[in-house]
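**Q** Before we start, here is the structure in question, set down as structure tokens.
The values are calculated or read from the model by the stated rules, or taken from the named source; none is laboratory data. Owing to the predicted nature of the structure, the values given are computational and were not obtained by experimental measurement. With ideal geometry, Cβ positions are generated from the backbone for all residues, glycine too; neighbour counts draw on all protein chains shown. These area figures cover heavy atoms from the full protein model, side chains too; ligands, DNA and RNA do not enter into them. Shrake-Rupley method; radii C 1.70, N 1.55, O 1.52, S 1.80 Å.
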Amino acid sequence: MATVPEKSSPFRPVLKVSLLVLSALLLIGAGILILRMLPFSRAYSLVVSTPSLSLRVGEKARISYHFRQASDIPLLLKLQESRKQELFFESSDPAVAAVDEEGFLTVNGPGAAEIYVHAADMCETVHVDAQEKCTALSFPEEIYEMNAGETLTLQAQKAPQDGVLYEDIVYSVSDPYVLSVDARGGLRANHPGTATVRAEAEGLIAEALVQVALPMTWISFPRELSLSPVVLERGEALSVPVRFFPVNTTDSLEVTYTLSDPEAGSITPEGVFTAQKTGKYTLEAESNGLRDQIELEILASLKGITLNTREKTLLYRQTDQLSYTLIPEDTTDELDVQWLSDNPGVATVSASGLVTAVGPGTTTIRVRVNGFEEQCVYHVHVPVTGVTISAGKLTLRKGQNAQLGASVYPSFATEDHSISWRSDNPSIASVNANGFVQALNAGTTRIYAVHGAFSASCLVTVYVPVPRSEIANRIINFGKQYLGTRYVYGGESLTGGIDCSSLVQKCFATQGIGLPRNSMAQSTCGSALPMDPSAWLPGDLLFYSPKGYVSHVAIYIGNGQILQSSESMGGVCITSYNYNGFTPSRARRIF
């Protein structure tokens with residue numbers, strides 16, 4: 001069956017186009033709506049030209065800003081263009097800086113404020129520092145004084161102190177020959193005179209007057225006086241002029257002189273010094289605070305000497321201190337002092353002038369000081385100061401004679417040397433005019449040799465000889481009194497306990513015979529005897545050496561017997577000289 005084609009409507013193509021156009025318009029409208037709803041910052045950015053401003057109170061300014069494209073879409077830029085009109089300004093502190101709707105600033109007071117620039121969804125900030133306006137310039141002083149060659153920094157001061165100047169201060173001087181100034185206010189005084197220094201900025205001017213003088217820079221004594229100490233004699237005058245530099249200084253030329261010791265001398269205002277006191281001193285000159293000094297040495301030369309005495313008599317061994325006086329006494333010369341004796345056998349003199357009489361006679365003592373000489377004559381007298389005698393003790397037997405000698409002391413005495421003799425008891429011993437002594441009877445007397453008030457004596461003892469046997473009997477009988485006293489080693493008591501050597505010592509002491517304390521020492525006293533009993537006499541000492549050395553002693557009493565203090569026998573006893581097997585090793589006769 002054949003298909004019959006449909007008939008097309010004449011409005012269908014138009015309808016299709018209309019639908020397409022409508023769809024496009026809807027899309028465009030939707031796109032425009034979307035673009036308009038985007039943030040302003042997607043199309044533009046807000047830029048302030050000066051993020052920070054420094055202004056003075058009272059000044060005005062305008063916030064400078066512009067918009068910068070932030071998109072490449074022309075339609076977006078076109079659609080957002082109208083939003084630039086949404087711009088407005090705001091101040092964080094209108095008391096410091098106020099801003100109007102067109103962005104004009106007015107600085108109302110010192111401080112800091114933030115100006116906010118708003119545009120749709122954007123905000124930028126401009127920082128404002130507000131400072132006081134400088135209204136005047138001044139210098140601290142109206143007049144300044146400077147010395148030529150000096151420098152001074154003189155900076156102008158602003159009023160108020162925190163005021164702001166937008167121009168640098170320019171410094172200048174009215175007379176550059178007198179004064180020069182650099183860009184920072186540094187002054188240099190060139191020559192004496194007067195000049196005005198000026199500081200200028202933004203129509204403000206400050207001025208000060210500067211007077212420049214030529215100061216004294218130093219003073220000095222003549223060079224030849226400063227190289228070494230100036231040496232003067234006491235009483236000598238010296239001119240010490242002071243020189244000033246520069247020579248044409250405008251300062252006062254008045255000089256003040258000062259001595260380290262005011263007593264050293266005197267000085268006139270014209271600088272003439274007169275030396276008065278020896279020593280080393282400093283002379284200082286002062287002018288306008290400047291000083292110089294020289295060293296002075298004042299001398300006093302030796303003119304002579306004097307001695308404290310011219311003639312004197314001394315006794316033997318007497319001393320005398322000679323002293324000299326210098327003329328002048330405070331001489332500053334180095335002294336060469338020599339003391340001399342013309343006869344040192346009569347009197348000597350020490351390096352300090354001490355004179356000592358050493359022998360009879362006359363001598364001259366001289367002192368020489370730097371060529372000056374003075375002298376003193378000394379007469380030395382030697383008196384008798386004592387008498388010496390040839391013996392201080394004599395022991396004589398009855399009928400025996402002795403010759404004593406005596407002399408005055410010292411032997412070189414200048415007095416008479418005669419000696420007289422006398423005896424305290426001529427019946428015991430007599431003495432003749434020549435010192436010949438005769439022993440007449442038993443006893444003791446003193447014989448004197450006499451010269452004036454001085455004497456010396458000899459003690460003379462006259463005895464009748466006692467037989468040896470009698471002395472031995474006395475020793476033995478004394479010991480027998482203590483038979484039975486017990487033996488004590490080291491003991492010394494005749495009744496409480498005694499050893500062998502102490503017994504012997506005490507028995508012999510009764511007859512004036514001294515012996516050592518121990519048996520070993522006793523064995524060396526007296527004279528040795530043969531070890532033969534037939535050669536022994538009562539009173540001899542026998543020694544025993546049972547240990548190889550002398551350790552026991554006994555008194556031989558005759559007939560082969562001994563008196564002893566024996567440990568083995570129990571104490572003081574009489575035994576055979578050979579007892580208990582002990583045999584003597586030594587025998588000694590003491591008297």
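**Q** Please tell me if SER527 is under 19 Å from SER469 (Cα atoms), among the polar types (S, T, N, Q), in contact (Cβ under 8 Å) with a residue 60 or more places away in the chain and touching a strand residue (DSSP E or B) at 6+ places or on another chain (Cβ under 6 Å).
**A** Working: under 19 Å from SER469 (Cα atoms): yes; among the polar types (S, T, N, Q): yes; in contact (Cβ under 8 Å) with a residue 60 or more places away in the chain: yes; touching a strand residue (DSSP E or B) at 6+ places or on another chain (Cβ under 6 Å): yes.
So SER527 passes the test.
**Q** Hey, can you tell me all the residues within region 422-462 that are part of a strand (DSSP E or B), open to solvent by 40 Å² or more (accessible area, probe 1.4 Å) and under 30 Å from VAL358 (Cα atoms)?
**A** Applying the first criterion (part of a strand (DSSP E or B)) to region 422-462 yields 422-423, 429-431, 436-439, 443-451, 454-462.
So of that shortlist, the ones also open to solvent by 40 Å² or more (accessible area, probe 1.4 Å) come out as 422, 436, 438, 444, 446, 448, 454-455, 459, 461.
Result: TYR448, PHE454, SER455.
**Q** Sticking with this one: Which ones in region 190-242 are under 26 Å from GLY289 (Cβ atoms), loosely packed, with under 15 Cβ neighbours inside 10 Å and either in contact with a helix residue (DSSP H, G or I) (Cβ under 9 Å, 6 or more places away or on another chain) or among the hydroxyl-bearing types (Ser, Thr, Tyr) (or both)?
**A** Correct list: THR194, SER226, SER239.
**Q** Would you check which residues across region 101-123 are acidic (Asp, Glu) and either within 28 Å of TYR171 (Cα to Cα) or at pLDDT below 95 (or both) and list them? I'd like the intermediate steps shown before the answer.
**A** Step one: of region 101-123, the residues acidic (Asp, Glu) are 101-102, 114, 121.
Result: GLU101, GLU102, ASP121.
**Q** Then there's this: Of all residues being among the charged types (D, E, K, R) and free of Cβ contacts under 8 Å to residues at least 40 places away in the same chain in region 160-189, which is least open to solvent (accessible area, probe 1.4 Å)? Just the residue, please.
**A** So in region 160-189, the residues among the charged types (D, E, K, R) come out as 162, 167-168, 175, 182, 184, 188.
Then keep just the ones that are free of Cβ contacts under 8 Å to residues at least 40 places away in the same chain; that gives 167-168, 175, 182, 184, 188.
On the way: GLU167: 98, ASP168: 132, ASP175: 54, ASP182: 79, ARG184: 188, ARG188: 114 Å².
Filtering first and then ranking leaves ASP175.
**Q** Here is a follow-up. Is there a residue being β-branched (Val, Ile, Thr), touching a residue at least 40 places away in the same chain (Cβ under 8 Å) and outside any strand (DSSP E or B) anywhere in region 497-518?
**A** Kept after step one, since they are β-branched (Val, Ile, Thr), are these residues of region 497-518: 498, 504, 510, 513.
Still in the running and touching a residue at least 40 places away in the same chain (Cβ under 8 Å): 498, 504, 513.
Cutting the leftovers down to outside any strand (DSSP E or B) gives us 504, 513.
Within region 497-518, one or more residues are β-branched (Val, Ile, Thr), touching a residue at least 40 places away in the same chain (Cβ under 8 Å) and outside any strand (DSSP E or B).
**Q** Look through ALA521, ALA554 and report the one residue that is open to solvent by less than 40 Å² (accessible area, probe 1.4 Å), hydrophobic (A, V, I, L, M, F, W, C), over 20 Å from LEU483 (Cβ atoms) and not in a loop (DSSP other than H, G, I, E, B).
**A** On the way: ALA554 fails: over 20 Å from LEU483 (Cβ atoms).
Just a single option satisfies the conditions, and that option is ALA521.
**Q** Go through region 261-288 and give me each residue that's under 21 Å from TRP218 (Cβ atoms), surrounded by fewer than 16 Cβ atoms within 10 Å (Cβ to Cβ) and under 35 Å from the mean Cα position of the chain (by Cα).
**A** THR282, GLU284
**Q** Which of the residues belonging to region 371-398 are outside any strand (DSSP E or B) and either free of Cβ contacts under 8 Å to residues at least 12 places away in the same chain or open to solvent by less than 60 Å² (accessible area, probe 1.4 Å) (or both)?
**A** Taking region 371-398 and keeping what is outside any strand (DSSP E or B), we get 371, 382-385, 390-392, 398.
Answer for region 371-398, where residues must be outside any strand (DSSP E or B) and either free of Cβ contacts under 8 Å to residues at least 12 places away in the same chain or open to solvent by less than 60 Å² (accessible area, probe 1.4 Å) (or both): GLY371, VAL382, PRO383, VAL384, ALA391, GLY392.
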